[in-house]
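K.L.:
Following this message is one structure expressed as structure tokens.
The values are calculated or read from the model by the stated rules, or taken from the named source; none is laboratory data. Every value quoted in this text rests on a predicted model; they were computed, and no experiment measured them. Quick reminder, even Gly has a Cβ in these numbers, built from the backbone with ideal geometry, and neighbours come from all protein chains shown. Ligands, DNA and RNA are stripped out before the accessible areas are found, and what is left, the full protein with its side chains, is counted by its heavy atoms. Shrake-Rupley method; radii C 1.70, N 1.55, O 1.52, S 1.80 Å.
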Amino acid sequence: MKIYQARIAPNPRRVRIFLAEKDIAMEYVEVDIQKGEQHSPEFKQKNALGLLPVLELDDGSHLSESIAICRYFEETQPEPPLFGRDAKEKAIVEMWIRRCDFYFMFPTGMCFQNTSDYFKGLKRQVPEWGELCREKSGKFFNLLNNHFEHNAYLAGDYFSIADISAFCTVDFAKVIQQRIQPEHTHLQRWYDSVAARPPSKA
């Protein structure tokens, strides 16, 4: 098996950290997104959307979307469990995955795409939409801080894939000048605890 990735991108990083938490070794193939290699006809045979990461299985088939890739490895190597240990916990983890994706990762990415010089000439930009997304991303910092006032992790006292997703997005948000603020003391405590885990350096 191998994973096609761009190391600088947040979604491949989610998968790397997840696999490191499970101590799963993996071959990584770097795709140069600045050169547009992900849009080549050859790559689109692996993922028609031209997005990363992509897992290539031993039978030659492919899986894309970071959470789907993580789910595959959760099923093939259940220990340690990172998607929840019982029905309620699994639902809570799923809830936070969706919250992080829809209300944090997505607006952060849309702000970056629509306001950054990085994408000039590569994508059609709508700066007003980007600024609205910046506001939405900023609000999620407050939501997280309030949650962590009473919880060690997103699913209470249980570390999960949802924490990996949020952690990667907090770091990704720096590209749109969104950072943990001094008043976000609970969010900072959580962030420091996740950053201290050796897999977070993957």
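K.L.:
Using the Karplus curve 6.51 cos²θ - 1.76 cosθ + 1.60 with θ = phi - 60°, work out ³J(HN,Hα) for each residue of the range 40-55 in order, rounded to whole Hz, and write x for Gly and Pro.
P.N.:
Karplus values, whole Hz, x for Gly and Pro: 5, x, 5, 6, 5, 6, 8, 8, 4, 7, x, 10, 10, x, 9, 9.
K.L.:
Please report the orientation-averaged projected area of the range 50-157, defined via the convex hull of its C-alpha atoms, in nm².
P.N.:
So the mean shadow area of the Cα hull is 9.1 nm².
K.L.:
How large is ³J(HN,Hα), in whole Hz, for each residue of the range 119-130 in order, when computed from phi with the Karplus curve 6.51 cos²θ - 1.76 cosθ + 1.60 and θ = phi - 60°, using x for Gly and Pro?
P.N.:
Listing the rounded values in order: 9, 4, x, 9, 9, 5, 10, 10, x, 4, 5, x Hz.
K.L.:
Mind pulling up the Rg/Rh value for the chain? Radius of gyration and Kirkwood radius, both on Cα.
P.N.:
So for the chain, dividing Rg by the Kirkwood Rh gives 0.97.
K.L.:
Can you say what percent of the DSSP beta bridges in the chain, counting only those with both residues inside, are antiparallel? Round to 5.
P.N.:
In the chain, DSSP labels about 65 percent of beta bridges as antiparallel.
K.L.:
What is the set of long-range amide H partners of Tyr28 at a cut-off below 5 Å, with H atoms built 1.01 Å from backbone N?
P.N.:
The answer is Ile3.
K.L.:
Let me ask something else about it. Using just the C-alpha positions of the range 1-121 as equal point scatterers, what log10 of I(q)/I(0) does the Debye formula give at each q in 0.09 1/Å?
P.N.:
-0.28
K.L.:
Let me ask another. How much length is gained if the chain between Arg124 and Lys2 is pulled fully straight, taking 0.36 nm per residue apart and subtracting their Cα-Cα distance, in nm to one decimal?
P.N.:
This chain segment gains 40.7 nm when fully extended.
K.L.:
Write down, largest first, the equivalent ellipsoid semi-axes of the range 162-202 in whole Å, where each equals the square root of 5 times an eigenvalue of the alpha-carbon gyration tensor.
P.N.:
Ellipsoid semi-axes (Å, largest first): 17, 14, 8.
K.L.:
Determine the alpha carbon to alpha carbon distance for each of Lys139/Lys174; Lys44/Lys123; Lys46/Lys90; Lys22/Lys201 and list only those over 20 Å.
P.N.:
Violating the 20 Å Cα-Cα cut-off are Lys46/Lys90.
K.L.:
Give the accessible area for Cys111 in Å² (nearest 10); use a 1.4 Å probe, count only protein heavy atoms, and leave out ligands, DNA and RNA.
P.N.:
Accessible surface of Cys111 is approximately 0 Å².
K.L.:
In the range 20-38, which residues have a backbone nitrogen under 11 Å from the label point lying 7 Å from Asp117's Cα in the Cα-to-Cβ direction?
P.N.:
Within reach of a label on Asp117, which here means backbone N under 11 Å from a point 7 Å along Cα→Cβ, the range 20-38 contributes nothing.
K.L.:
Right, next: Let's test the formula: R0 of 30 Å, r as the Cβ-Cβ distance of Val29 and Ser193. What FRET efficiency results, to the nearest 0.05?
P.N.:
Between Val29 and Ser193 the formula returns 0.40.
K.L.:
Among Trp129, Trp96, Trp190, which one shows the biggest mean-square fluctuation in a GNM of the chain, springs joining Cα atoms closer than 10 Å?
P.N.:
Trp129
K.L.:
Then there is this: Compute the distance from the alpha-carbon center of the range 141-177 to that of the range 37-92, in whole Å.
P.N.:
21
K.L.:
Per the chain: cysteines with no other Cys C-beta under 4.7 angstrom?
P.N.:
Cys70, Cys100, Cys168
K.L.:
On to the next question. Could you tell me the ratio Rg/Rh of the range 106-181? Both radii from Cα atoms, Rh via Kirkwood.
P.N.:
That ratio is 1.06, to two decimals.
K.L.:
Taking H as built 1.01 Å from N, whose amide H comes closer than 5 Å to the amide H of Tyr158, not counting residues under 5 places away?
P.N.:
HN-HN under 5 Å from Tyr158: Tyr153.
K.L.:
Then there is this: Test of understanding: in a Gaussian network model of the chain with alpha carbons linked when under 10 Å, which of Val175, Val54, Val93 would top the mean-square fluctuation ranking?
P.N.:
Val175
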